[in-house]
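The next block holds one structure in the form of structure tokens; read it before the comments.
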Amino acid sequence: MLVKTKESYLPAIKEMIETIETNISKQLMIVSTGDFTNRGKIFEFYGSNFDTIWRNFLTAYHVNKLDQATYLRIDIVIEEEKNNYEQFIQHLKKSEEIITLISM
């Protein structure tokens, strides 16, 4: 079943995004979209503020016809943690342990 992403929802989404506080120097918004029949598409928008990011998102929204997508998911990065390679591997191991526990 095709459910169109309604453009009329965009102002409400923008309003919610404006209330988010972040502690990172460069803002990041990740948009996932698709139709559940193929692998989804991921768009990343970077900028010094959310107004710039939002304008770039709206351009991509219209150019890529995201209004025709079945789903549209928006993630805002609010915190980042720098890790070295060893820390990264430890995070992966913890994730594997959690996945193993869940699948039991």
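Observations on the structure shown:
- With respect to being of a type in the set (Asp, Glu), surrounded by 10 or more Cβ atoms within 10 Å (Cβ to Cβ) and in contact with a strand residue (DSSP E or B) (Cβ under 7 Å, 6 or more places away or on another chain), Asp67 falls outside the description.
- Segment 33-56 residues that are at positive phi, paired with ones that are in a helix (DSSP H, G or I) and of a type in the set (Phe, Trp, Tyr) (beta carbon under 8 Å, 6 or more apart): none
- Considered as a group, the residues in segment 70-91 that are closer than 30 Å to Ile17 by Cβ and of a type in the set (A, V, I, L, M) include one that is surrounded by the most Cβ atoms within 10 Å (Cβ to Cβ), and that residue is Leu72.
- Residue count for segment 32-84, restricted to those that are part of a strand (DSSP E or B) and not hydrophobic (A, V, I, L, M, F, W, C): 10
- For first residues located in segment 79-104 and within 20 Å of Leu28 (Cβ to Cβ), partners that are in a helix (DSSP H, G or I) and lie 6+ apart or on another chain with Cβ distances below 8 Å form the pairs Asn83/His91.
- Any chance Arg39 is surrounded by 11 or more Cβ atoms within 10 Å (Cβ to Cβ), modelled with pLDDT of 85 or more and not acidic (Asp, Glu): no
The values are calculated or read from the model by the stated rules, or taken from the named source; none is laboratory data. Computed from a predicted model, the values in this text were never measured in an experiment. Positions of Cβ are generated from backbone atoms using ideal geometry, with glycine treated the same way; all protein chains shown enter the neighbour counts.
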